1. In this structure, does R153 turn out to be free of Cβ contacts under 8 Å to residues at least 12 places away in the same chain and either more than 22 Å from the chain's Cα centre (by Cα) or assigned to a loop (DSSP other than H, G, I, E, B) (or both)?
2. Y206 versus (1) surrounded by 14 or more Cβ atoms within 10 Å (Cβ to Cβ); (2) without any contact (Cβ under 8 Å) to a residue 12 or more places away in the chain: which is the lone unmet condition?
3. Where in region 104-146 are there strands (runs of 3 or more DSSP E), lying fully within it, with 1 or more residues that are more than 24 Å from H239 (Cα to Cα) and modelled with pLDDT of 95 or more?
4. In this structure, does D226 turn out to be free of Cβ contacts under 8 Å to residues at least 60 places away in the same chain, in the same structural domain as A338 (by TED's automatic domain parsing), surrounded by fewer than 22 Cβ atoms within 10 Å (Cβ to Cβ) and outside any strand (DSSP E or B)?
5. Could you pull out the residue among K264, K221 that is part of a strand (DSSP E or B), out of contact with any helix residue (DSSP H, G or I) (no Cβ under 7 Å at 6 or more places or on another chain) and either basic (K, R) or surrounded by fewer than 22 Cβ atoms within 10 Å (Cβ to Cβ) (or both)?
6. Checking the conditions here, which among Y374, Y337, Y404 is over 24 Å from K285 (Cα atoms), surrounded by fewer than 18 Cβ atoms within 10 Å (Cβ to Cβ) and of a type outside the set (S, T, N, Q)?
7. Let me spell it out: the conditions are (1) touching a residue at least 40 places away in the same chain (Cβ under 8 Å); (2) closer than 16 Å to I240 by Cα, and G293 meets all of them except one. Which number is the exception?
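The values are calculated or read from the model by the stated rules, or taken from the named source; none is laboratory data. The model shown is predicted, which means the values in this text are computed figures rather than measured ones. Ideal geometry is used to build each Cβ from the backbone, glycine not excepted, and the neighbour counts take in all protein chains shown.
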Amino acid sequence: MIKQVIKLILGQSKWNHLVSMIKYVKTQSYFKLGRNSIFQLNEEWEKEEYYVEGKHTFFGYYDIAQMNIEEDKILAHVVKHNAVTSNDRAIVGYFSITEKKFVQITTTRAWCWQQGARLRWHPLNSNRIILNDVEDEHYIARVVCLDTKETERVIPMALYDIDNNFTYGLSLNFSRLQRLRPGYGYDTLNDETETENAPSKDGIFYLDLRSNQIKLLISLKDLANDVDSEMKYQHYINHISIAPDGKSFIFFHIWNVPEFRNWKTRLCVYNLKTGKNRILEEKDKVSHYDWKGNEELLVTCYTEKKEQYYAIYNTITGEKKNLTSVCLNKDGHPSFYANETKFISDTYPLEHNLQTLFEYDINTNVQKEIVEAYSSPLLYGEQRCDMHPRLALSGKYITFDSTYSDNRRKIILLKRR
């Protein structure tokens with residue numbers, strides 16, 4: 001409450017400057033105390049670092065596999081230290097785990113600090129990568145060959161997610177997403193829907209990857225009708241995630257509520273066979289997610305009192321089960337191991353700007369800390385560096401992004417001993 005009053009008095013610009021100054025002073029004190037390079041690692045794991053000297057080197061979000069199926073390469077974005085997303089290209093390539101060198105494949109104009117270019121391995125061919133880009137003033141996706149470094153296919157829309165059989169992809173308005181949630185979309189192109197609170201021709205798009213045909217599955221207007229019939233607020237979509245079997249997908253319906261200086265969310269699941277959209281959560285605010293099989297979701301949530309917790313939702317019945325462990329009282333980015341009895345997750349920077357990466361067993365309710373690492377407060381807002389921990393398929397490796405040293409993003413690879 002006090003923070004909101006100060007913001008109103010100072011205005012957003014002066015508030016941002018004040019926050020920046022506080023973070024700078026805090027950072028200097030950490031340097032003097034020697035806390036700026038803390039990295040404590042569980043003895044069951046060993047660490048390697050991957051980065052391009054003097055550059056930010058990162059992958060981005062945790063819901064895409066960074067390591068290939070052979071587990072000898074990790075994908076990465078590389079940008080200069082003062083990169084501007086609307087003007088500067090991101091270099092895209094991979095690190096060879098054995099040779100520990102970066103191989104540049106291509107560049108892109110469609111990238112952001114939190115989710116990169118939605119860069120991923122082709123699900124059917126580990127010698128191909130897929131990334132979003134800009135062509136002829138449109139957002140598109142490209143399939144690029146690692147050997148030739150040539151674009152083999154241009155897909156007519158930027159993709160948020162694709163199914164495991166590469167038969168379809170889902171997309172949204174990335175410019176609208178960036179405007180309303182900076183750091184998650186792209187600002188290379190203007191948002192042509194800016195004056196519309198809930199456009200009828202915008203929402204979630206289905207793209208048939210065999211025919212390149214595109215159709216609008218769910219419009220923002222239809223979503224808004226349920227909660228905002230007067231269309232007073234700006235509505236948008238984020239966090240589309242297709243179920244492993246490709247039969248359904250979840251997404252967040254979000255709308256900004258300026259008078260509360262906040263936003264509201266609904267967690268939705270869409271069945272592609274029936275064409276029906278089900279609301280799984282609309283009371284508490286939803287934040288992050290991971291599929292547990294084809295019918296269950298692990299989700300992090302906030303109550304109105306800003307209490308944080310993890311819950312498992314059944315996407316068929318709508319049943320919700322809260323994970324009541326005191327260990328899970330902070331928001332994080334969860335990912336299940338293949339056996340789906342354990343998951344990894346992380347925290348945002350807590351006391352002394354330390355982040356934690358941990359493993360949790362849902363059967364025994366036992367949490368095991370893997371990493372505690374310093375996070376630079378000089379990178380904040382949309383440029384902040386969350387860990388976004390990512391599991392390799394075998395469970396032998398974890399990768400995450402970190403600024404524990406040099407105030408630059410680095411990719412950390414953990415290998416189970």
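1. yes
2. Condition (2) is where Y206 drops out.
3. Working: elements: 120-122, 125-135, 138-145.
Here the list reads 125-135, 138-145.
4. Numbers: free of Cβ contacts under 8 Å to residues at least 60 places away in the same chain: yes; in the same structural domain as A338 (by TED's automatic domain parsing): yes; surrounded by fewer than 22 Cβ atoms within 10 Å (Cβ to Cβ): yes; outside any strand (DSSP E or B): yes.
In short, yes.
5. Values: K221 fails: part of a strand (DSSP E or B).
K264 is the lone residue from the list that is part of a strand (DSSP E or B), out of contact with any helix residue (DSSP H, G or I) (no Cβ under 7 Å at 6 or more places or on another chain) and either basic (K, R) or surrounded by fewer than 22 Cβ atoms within 10 Å (Cβ to Cβ) (or both).
6. Details: Y374 fails: surrounded by fewer than 18 Cβ atoms within 10 Å (Cβ to Cβ); Y404 fails: surrounded by fewer than 18 Cβ atoms within 10 Å (Cβ to Cβ).
None of the others qualify; the one that does is Y337.
7. Exception for G293: condition (2).
Every residue, every condition in (1) surrounded by fewer than 18 Cβ atoms within 10 Å (Cβ to Cβ); (2) over 14 Å from Q66 (Cβ atoms); (3) under 15 Å from the mean Cα position of the chain (by Cα), yes or no:
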site: W113; (1), (2), (3): no, yes, yes
site: L119; (1), (2), (3): no, no, yes
site: S126; (1), (2), (3): yes, no, no
site: I129; (1), (2), (3): no, no, no
site: D133; (1), (2), (3): no, yes, no
